[in-house]
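To keep things clear, I will list the structure first and then write my remarks on it.
We did not get these values from a lab; they are worked out from the coordinates using the rules stated. Small disclaimer: the values here were computed from a predicted structure and weren't measured. Cβ placement follows ideal geometry from the backbone for every residue including glycine, while neighbour counts extend to all protein chains displayed.
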Amino acid sequence: MSMPVSNWFEAARIVKTLARKVKVVFLSMNSDPQIALRAYDAGASGFLPKTCAASELLIAFRTVLESRTYMSPSLKEAVDALRWAGIVPTEESCRLTAREREVLQLLAEGKNMKQVGEILKVTRRTVGFHKYRIKEVLGAKNNADLVRFALRSGMIPISEATAKR
């Protein structure tokens with residue numbers, strides 16, 4: 001679910017903004033109920049773990065095509081508990097601009113400032129400015145704090161972060 005410049009939540013928001021009738025179903029290796037809540041907040045109509053059976057995927061698609069939402073039964077109880085408790089998914093990244101979220105994702109994926117600049121077609125100095133601002137907004141002290149935030153917020157999947165070791 002990680003993408004070169006954006007992340008899956010941002011992509012869902014963009015798709016829903018540009019084409020309201022499009023249905024978005026997340027199929028994720030992350031079965032954290034807060035991630036599922038964030039997916040719905042971003043406009044998803046369905047959320048399933050990658051470990052679901054093919055039959056469940058078909059049920060989800062049929063449900064979503066009938067203009068209803070679908071939550072995998074394996075997550076439903078935990079998500080409902082979060083909703084009843086009034087827990088809202090953390091969305092500190094809302095305080096970041098779209099460009100700052102792009103920079104943060106690329107840095108968290110292990111790219112250096114020069115590489116980020118090349119991908120986004122900006123100078124290394126501009127990337128440095130964005131990084132400084134991101135740290136300021138998130139209260140991060142170092143790069144590890146930025147990576148932790150990106151993992152917690154679902155900008156990059158845990159498997160991607162551990163695969164680069």
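Between the amide H of Tyr70 and those of Gly46, Phe47, distances stay under 5 Å, these residues lying 5 or more places away or on another chain, with hydrogens modeled in the peptide plane.
If packing is taken as the mean number of other Cβ atoms within 10 Å per residue, what is the order of 16-25, 113-122, highest first? Don't skip to the answer; put the middle values down first.
Working: 16-25: 12.6, 113-122: 15.4.
The packing order, highest mean first, is 113-122, 16-25.
Extension gain for Leu27-Leu82 works out to 17.8 nm (0.36 nm per residue, less the C-alpha to C-alpha distance). The mean sequence separation of alpha-carbon pairs under 8 Å and at least six residues apart, normalised by the residue count of region 8-84, gives a relative contact order of 30 percent. For the pair region 100-123 / region 16-55, the C-alpha centres are spaced 26 Å from each other.
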